[in-house]
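Below is one structure, written out as structure tokens; comments come after it.
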Amino acid sequence: MIAPLRALTRPQGGIAGLWLILVIVAAVFAPLLTPYAYDIQNLPNAYQPASGAHWLGTDEFGRDLLTRLIYGARTSLSVSATAISISVLCGMVLGAAAAWFGGWLDRIVTMTVDLTWSFPEILIALILVAIIGPGTTGVMIAIAVAYLAQFTRLTRAQIMTLKGETFIEAARSLGAGNAHILFRHLLPNALAPVLVSAMLATGDAIILEATLGFFGLGAQPPVPSWGGMMSAGSALIFKAPWVIVFPGLAVAITVVAINLYGDALIAELDIRARLRRDA
Amino acid sequence: MTLSFRKSFLAASVSLAALFSAQTLAAQEAVFVIGTAEVGAPTYNPIKATMLNTATALIFDRMVSQAADLSYHPWLAESWEEAADGMSWTFKLKEGVTFHNGEPFNADTVKAWIELFKTTEGENAYMAEAIASVEVVDASTVKFVMSRPEPNLLYNLSSTFMSVVEPKSFAALGDNYGVTEVYGTGPYKLESFAVGQETVLVRNEDYKWGPAVAANAGPAKVERLTFREIPEDSTAFLELKTGGVDFLLSVPADLMGEVQKEANLAVLTMAGQDVWYMPINVTKAPFDDIRVREAAAKAINQEEILASVFGGVGAVADTFLISALPESKVADSAKIKFDPARANALLDEAGWAMGDGGVRMKDGQPLKVTLWTQSDSIFRRLTEVVQAQLKAVGIEAEITTFDSSMIRDQYKTGEQQLAVRSYNWDNADIVDWFFGGDRLGYPNVSMYNDPKAEELRTAAMTGAKNMDERVANFTAYHEYVLTQFPMAPIYQPVQAFAYNTDRLSLPATINAPSFGTAAFMDLEVKE
């Protein structure tokens, strides 16, 4: 797994990677880095523009915007990353099973996946959140389901092409069982493209999480999320534009960084051709 | 080359001409944005609706109009007289009035209309409940025979819920009345209505029976009115700023400064009719304990909210009624005011001891409750302040946000614990509406059903023989309800409107309690 590090040496990958590391470190060590609490209101101090005491200013409740942005990174990154992990895990299991066993299982999985594939992710996520109810858990499940189709299809396509290779035939003729072939030979070979695609999907998931947060369906106040902060800021756009601008920038830069780093990673792994063929 | 140049020149001059003609056409119309609290009104059927928007007041007329000082003046009724014992009212009706579908307005239509309140299913029957029967004296005189004295009759007759509907089409159209078609006698006719989006009204050219409180008796001066529904205040303001609309029927306090910054925009304010409050569901633990309810109510710092959320515009609320109403003058001890020491003491007494992280605990359970709000940004902002104020006395409130048009249905489940909401009404009978034991869920969000309150409620609603008695009975009812803490009052705004001064010219004085029919009759579009 040296490729992720090598990707950092590429110019784009390096800058993007540094930003991502910065955001992740900030998110993990949020309580140590921030001088203020994210939820304690200080109403007389509301709507302060950027200053020495508040580097990015304060929001409508007098809370430090930088503090909330850093805690917001926690929410956004953890929700998106967890959702995509669930999605990848379930997607790989489903996709591998469908490709390896074929028959009715394959047909049912492909049909269901194609059905969800035909709707935009945001629509699936919105419907699911409406059923589960607002909050981070609901959003996590919604995003996981919304992206499930992508990983199932990708894994299935990978396994389908690998299935006919001679090394699989060799393993089988040596008496290897289904589980051994799947976990020892097929999935490791299918892993790299799925992981890169998961990385890129995390960028989309951050946007989706921010969108749901904007609609008030994500993390409920006072827990900050980038989307929720932008939503609150949209009503203050004339009075305190920084409240919407900074979380917006955070989302934009992070998503661009993920994509740039993802591109660098693809180049390092030299799997672009395989991704294009299968996805 | 030359040809194409001439062609495009021609096209340009044609489109310029179109632009000019569009502008002269636009001069005869105006675009209004419905107040955010009225967004999503599903029908213009006044007898069935629980919410009506401002356009209702233009489609229909009422028997009586109300002036800014809350006195009553003629409209469809030219004059009236109450019997000495309050058991009958005689109304002399205006002659020559017709409905939009050509039907005449006379004593028979008034009789048929009043009877609709008894035969139509809905929440508004109470408005005409005291009228036992209607006698047609002659074509333009009716006599209401009362089952009991009703000092509030003139108020009810001046309310949009007692807008005079055309009884024949009402019966014929059923549920479609007020949605696909609607016929009143008002200064405007309904052209189109898309629920939650837009209502278009065109002038009723025959109209000449405007309310006495308006300078212009009719027809109205503007030919065509469009009422758009924009649920978000800042979006509506942006539309006003960029010229997409001409008038906003609600402007929150925090946007008033932004409006005043613009050279061609102005703010109009009128005395407020709204109260913002926090209903407390008395049936849901821990709020089935009155001490916890009182603690939650007294944890709300109204002064801080007024200053920080509403920029000091308006007033704090310490009762359930707007302070202009005499029934709001309850005993000082019944008023609900910020008192954190009392709130903390009550919670201690109720067994909720302060635990780690500033949240109170009892029997190993944290004092955690839900706090519902609607999706408009001002509600969300206020709710976050309320959440922080509750946290200050050790109550952890978890916010759940619902779409503004869906939240009434959510209340009907009765699952709410705390909520932040507002109402708009200028009569004491709103206490009956929101705390009556037969309306649990919605409107009675607090699920409040108390035998003593019901007794006082009956006396207030039906027991008064004259206005003084009614005021006394309602004050007693209101005062008792306050001492049971089914809600915490928060804030009374002023009514604020914003408009484009280049496009509209408003009458110098609006002699009405709100921006309704009288204001629209005198409104002009600048050429």
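Taking other Cβ atoms within 10 Å as a rough exposure proxy, B:MET270, A:MET230, B:MET487 sort from fewest to most as B:MET270, A:MET230, B:MET487.
For the stretch B:67-184, the direction-averaged projected area of the alpha-carbon convex hull comes to 7.7 nm². Listed by chain and number, the lysines whose C-alpha is less than 28 Å from the C-alpha of B:LYS261, apart from same-chain residues fewer than 8 away, are A:LYS239, B:LYS241, B:LYS526. Summary value for chain A: 26 percent relative contact order, contacts being C-alpha pairs under 8 angstrom separated by 6+ residues. When the P(r) of chain B is calculated, the portion above 33 Å amounts to 45% of the C-alpha pairs.
Per residue, chain B reaches -9000 deg cm²/dmol at 222 nm when only DSSP H runs of four or more residues are counted, each adding -39500 (n - 2.57). Projecting the Cα atoms of B:THR36, B:ILE336, B:TYR207 onto the charge dipole of chain B, computed from C-beta unit charges around the Cα centre, puts B:THR36 farthest toward the positive end. Between the stretch B:117-146 and the stretch B:210-258, how far is it from one alpha carbon centroid to the other, in angstrom? Result: 34 Å between the Cα centres.
Only Lys, Arg, Asp and Glu count, each charged at its Cβ (+1, +1, -1, -1), so figure out the dipole size of the stretch B:61-174 about its Cα centre, rounded to 20 debye. Numbers along the way, then the final one.
Working: 8 positive and 17 negative charges, 19 e Å.
Rounded to the nearest 20 debye, it is 100 debye.
For chain A, complete DSSP H runs whose alpha carbons reach 24 Å or more along their own long axis and whose mean Kyte-Doolittle score is -1.0 or higher are A:11-28, A:65-101, A:136-163, A:187-214, A:242-269. Semi-axis lengths, largest first, of the ellipsoid equivalent to the stretch B:328-425 are 25, 20, 13 Å, with √(5λ) applied to each eigenvalue of the Cα gyration tensor.
Here the dipole of the stretch B:240-356 is about 160 debye; that uses its Cα centre as origin and unit charges on the Cβ of Lys and Arg (positive) and Asp and Glu (negative). Selection among B:LEU382, B:VAL471, B:ASN124 by position relative to the dipole of the protein assembly as shown gives B:LEU382 as farthest towards the positive end (Cβ unit charges, Cα centre). Database remark: amide H of B:VAL97 closer than 5 angstrom to the amide H of B:PHE105 (H placed geometrically; neighbours at sequence offset of 5 or more, or on other chains; Pro and chain starts carry no H). Computed about the Cα centre, the dipole magnitude for the stretch A:166-279 is approximately 100 debye when only Lys and Arg (+1) and Asp and Glu (-1) carry charge, each at its Cβ. Computed from phi, the 3J(HN,Hα) profile of the stretch B:226-240 under the Karplus parametrisation 6.51, -1.76, 1.60 (θ = phi - 60°) reads 10, 10, 9, 10, 10, x, 10, 4, 6, 5, 4, 4, 4, 4, 5 Hz, with x in place of Gly and Pro. What shape does the stretch B:149-301 have by the C-alpha gyration tensor, where a ≥ b ≥ c are the square roots of the eigenvalues, rounded means a/c under 1.5, and otherwise prolate means a/b greater than b/c and oblate the rest? It comes out oblate by the Cα gyration axes. Of the residues B:THR501, B:ILE305, A:TYR71, the one whose Cα sits farthest toward the positive end of the charge dipole of the protein assembly as shown, with +1 on the Cβ of Lys and Arg and -1 on the Cβ of Asp and Glu, is A:TYR71.
Relative contact order for the stretch B:67-120: 21 percent, from Cα pairs under 8 Å spaced at least 6 residues apart, divided by residue count.
Averaging 1/r over each pair of different alpha-carbon atoms in the stretch B:387-442 and inverting the result gives 13.4 Å, the Kirkwood hydrodynamic radius. With a 10 Å cut-off around each Cβ of A:214-223, the average count of Cβ atoms from other chains is 4. With the simple spin-label model, which puts each label point 7 Å out from Cα in the Cβ direction, the B:ILE290 to A:ASN259 separation comes to 6.3 nm.
As a check on your grasp of the helix formula, calculate [θ] at 222 nm for chain A: sum -39500 (n - 2.57) over DSSP H runs of n ≥ 4, divide by the residue count, round to the nearest 500.
One gets -24000 deg cm²/dmol as the mean residue ellipticity at 222 nm.
Is the shape of the protein assembly as shown rounded, prolate or oblate, going by the alpha carbon gyration tensor and its root eigenvalues a ≥ b ≥ c, with a/c under 1.5 for rounded and a/b larger than b/c for prolate?
prolate
For B:PHE338, the residues 5 or more places off, or on other chains, whose built amide H falls under 5 Å of its own are B:GLN302. Of A:ILE108, A:ILE122, A:ILE70, the residue with the greatest mean-square motion in the GNM of chain A, using alpha carbon springs below 10 Å, is A:ILE108. Taking all Cα pairs closer than 8 Å and separated by 6 or more residues, the relative contact order of the stretch A:135-279 comes to 27 percent.
Going highest first, how would you order B:148-159, B:377-388 by mean Cβ packing within 10 Å?
Details: B:148-159: 21.2, B:377-388: 23.0.
Those peptides, ordered most packed to least, come out B:377-388, B:148-159.
Computing FRET efficiency as 1/(1 + (r/R0)^6) for A:ASN42 and B:ASP409, where r is the C-beta to C-beta distance and R0 is 51 Å, gives about 0.90. Remark: A:ILE127, B:ILE490 ranked as A:ILE127, B:ILE490, counting other beta-carbon atoms within 10 Å and listing the fewest first.
With a cut-off of at most 11 other beta carbons within 10 Å, and DSSP calling the residue loop, which trypsin sites (Lys or Arg not before Pro) in the stretch B:447-527 qualify? Please list them.
The qualifying sites are B:LYS526.
By the beta-carbon count within 10 Å of each Cβ, the least crowded to most crowded order of A:HIS180, A:HIS185, fewest first, is A:HIS180, A:HIS185.
Every number here is computed from the coordinates shown, using simple stated rules; none is lab data. Not measured: the values here are computed from a predicted model. Neighbour counts are summed over all protein chains in view; Cβ atoms, including those assigned to glycine, are modelled from backbone coordinates with ideal geometry.
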